[in-house]
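Enquirer: Input: one structure, supplied below.
The values are calculated or read from the model by the stated rules, or taken from the named source; none is laboratory data. Source: prediction; values computed, not measured. Reconstructed Cβ throughout: ideal geometry from the backbone, glycine too, with neighbour counts over all protein chains shown. Surface accessibility is based on the protein's heavy atoms, side chains included, excluding ligands, DNA and RNA. Shrake-Rupley method; radii C 1.70, N 1.55, O 1.52, S 1.80 Å.
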Amino acid sequence: MMKSEIKTAIILGIVIAAGVSLVSVYLGSIEQEAVQEFTVSPVDKSNFRVAPEIVGIAEYINTTPEELNTKIQDSVVLYDIWTYSCINCIRTLPFITAWDDKYSDQGLLIIGIHSPEFEFEKDPVNVIAAMEKHGIEYPVVMDNDMDTWKAFENRYWPRKYIADHEGYIRYDHIGEGAYQETERVIQELLAERAFAMQSSMPSQDLVELESFQHTSSRTPELYLGYKLAAGRSQLGNDEGFRPNQSITYSSIPDTLDTHKFYMVGTWQNGPESMKLESDSGAIHLQYFAKEVNIVTEGVGTIEVYLDGEPIATNYQGYSLDDYILEVSEPGLYNIVTSDVAGTHMLELRITTPGVEIFTYTFG
């Protein structure tokens with residue numbers, strides 16, 4: 001009886017030990033699979049160019065030149081060429097800041113290369129305010145003379161280059177979109193870095209954020225400065241542009257062409273903007289889109305009318321208070337937002353001299 005119990009106990013112990021071993025092996029395989037999701041294969045980098053040095057910087061924000069140069073070494077670097085009043089750049093920022101939060105501790109360094117389109121974007125006070133607004137905590141360098149822009153041979157806002165931990169540019173994307181593709185490249189290059197440094201790279205899901213859905217066709221960006229509008233002028237008044245002159249636009253035709261803007265009042269024609277000089281003025285525009293933004297500077301009030309009436313609640317952009325836009329700082333303001341694109345007559349009534357309008361952008 002006693003021998004039988006001992007025998008049974010021994011057999012039971014063996015079964016339990018075997019079960020524990022199998023569970024350990026299984027859990028270990030899960031852990032191994034989670035850590036090494038990516039297969040790292042040798043890469044021929046002979047056809048990749050090395051990321052150029054960051055040069056000609058007017059201001060370093062959230063970093064110093066020495067600190068930045070040190071951080072670049074052995075990091076996967078996402079170079080984001082942007083400017084803060086560009087709506088296309090703004091739409092990418094939630095993804096970029098999310099990647100910074102998610103991957104900065106794993107070897108990703110994001111560098112915002114702020115290459116300005118307008119003069120007011122060269123002021124560090126304005127750039128820092130925009131960074132705070134959009135939650136940017138990674139380093140930003142102010143490329144006011146566009147030297148780094150030129151070093152990258154760039155021509156677009158926004159543009160993302162990703163360099164691997166050895167400094168080779170492995171990815172290049174122009175404009176918005178391709179967020180999942182971009183993040184997968186980040187993960188792959190971080191896995192290469194982890195393999196080279198004999199560290200682990202945990203598997204992770206992709207960032208889930210809603211991206212802006214553009215309409216298939218829409219009114220193109222409209223520039224109100226004569227220099228920026230050269231070769232693509234959409235000013236509909238007969239007087240046209242008169243560089244560096246104050247022009248009184250007194251009348252507009254009964255029928256307005258779509259995609260053209262028509263001025264009313266006395267406006268100073270500048271290279272980047274139209275600046276109101278009379279006590280009041282207006283801009284009429286028939287557009288096709290679901291979203292309208294303007295870039296403006298100065299301090300004053302703009303009343304927004306859509307199809308002849310103060311803009312209705314279901315079309316009001318997030319920058320409006322009822323149908324009123326209070327301009328307080330230079331930058332981009334969203335004035336029209338809707339779910340469906342359509343043709344509408346937009347009228348801006350400016351009631352404060354000194355307000356400048358630079359551009360309309362659409363979505």
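Enquirer: How much area per residue is accessible in region 246-287 when the probe is 1.4 Å and only protein heavy atoms are counted (Å²)?
Expert: Each residue of region 246-287 exposes 42 Å² on average to a 1.4 Å probe.
Enquirer: How many angstrom lie between the Cα centre of region 200-214 and the Cα centre of region 295-329?
Expert: 34 Å
Enquirer: Give the residue from 330, 294, 157 lying farthest towards the positive end of the charge dipole for the chain; charges sit on Cβ (+1 for Lys and Arg, -1 for Asp and Glu) and the dipole is referred to the Cα centre.
Expert: Towards the positive end, the residue furthest out is 157.
Enquirer: Let me ask another. Quick check: with the 1.4 Å probe, what order do 238, 143, 321, 74 take by accessible area, largest first?
Expert: 238, 321, 74, 143
Enquirer: Region 233-294 to region 98-127: how many Å between their Cα centroids?
Expert: Result: 33 Å between the Cα centres.
Enquirer: Given DSSP loops and a limit of at most 10 other Cβ atoms within 10 Å, what is the longest stretch of the chain that contains no such trypsin sites (Lys or Arg not before Pro)?
Expert: Between exposed loop sites, the widest span is 1-154.
Enquirer: Which lysines does residue 122 reach when only Cα atoms under 20 Å apart count, and residues fewer than 8 places away in its own chain are ignored?
Expert: By straight Cα distance, residue 122 reaches 133, 150, 227, 275.
Enquirer: Run the simple label-point estimate for residue 73 and residue 205 please: 7 Å along Cα→C-beta, distance reported in nm.
Expert: Result: 3.8 nm between the two label points.
Enquirer: Rolling a 1.4 Å sphere over the protein heavy atoms, what is the accessible area per residue of region 64-163, to the nearest Å²?
Expert: Each residue of region 64-163 exposes 37 Å² on average to a 1.4 Å probe.
Enquirer: Gaussian network model of the chain, Cα springs within a sub-10 Å range: biggest mean-square fluctuation belongs to which of 96, 81, 113?
Expert: Per the Cα network of the chain with a 10 Å cutoff, 96 tops the list.
Enquirer: Quick check for you: with a 1.4 Å probe and neighbouring chains kept, what is the accessible area per residue of region 168-207, in Å²?
Expert: Spelled out: the 1.4 Å probe surface of region 168-207, per residue, equals 50 Å².
Enquirer: Once neighbouring chains are kept in place and the probe is 1.4 Å, which whole percent of the accessible area of the chain is contributed by carbon and sulfur?
Expert: Whole-percent figure for carbon plus sulfur exposure: 50.
Enquirer: Indicate the helices, whole DSSP H runs only, in the chain that combine a mean Kyte-Doolittle hydropathy of -1.0 or more with a Cα extent along their long axis of 20 angstrom or more.
Expert: Counting only whole DSSP H runs, the qualifying helices are 2-35, 87-103, 179-196.
Enquirer: What does the helix-only formula give at 222 nm for the chain: each DSSP H stretch with n ≥ 4 adding -39500 (n - 2.57), the total divided by the residues, and the result rounded to the nearest 500 deg cm²/dmol?
Expert: Calculated at 222 nm, the ellipticity per residue is -8500 deg cm²/dmol.
Enquirer: Report which label in (i) 32, 23, 20; (ii) 55, 25, 16; (iii) 38, 22, 19 holds the value of semi-axes √(5λ) of the Cα gyration tensor in Å derived from the coordinates of this structure.
Expert: Entry (ii).
Enquirer: Tell me the chymotrypsin sites (Phe, Trp or Tyr not before Pro) within region 97-187 that lie in a loop according to DSSP and have at most 16 other beta-carbon atoms within 10 Å.
Expert: Qualifying residues, ordered by number: 156.
Enquirer: If you don't mind, another one. How many nm separate the modelled label positions at residue 254 and residue 328, each set 7 Å beyond the Cα in the direction of the Cβ?
Expert: Result: 4.4 nm between the two label points.
Enquirer: Keeping all protein chains in position, work out how much accessible area residue 119 exposes to a 1.4 Å probe, and write it in Å² to the nearest 10.
Expert: 110 Å²
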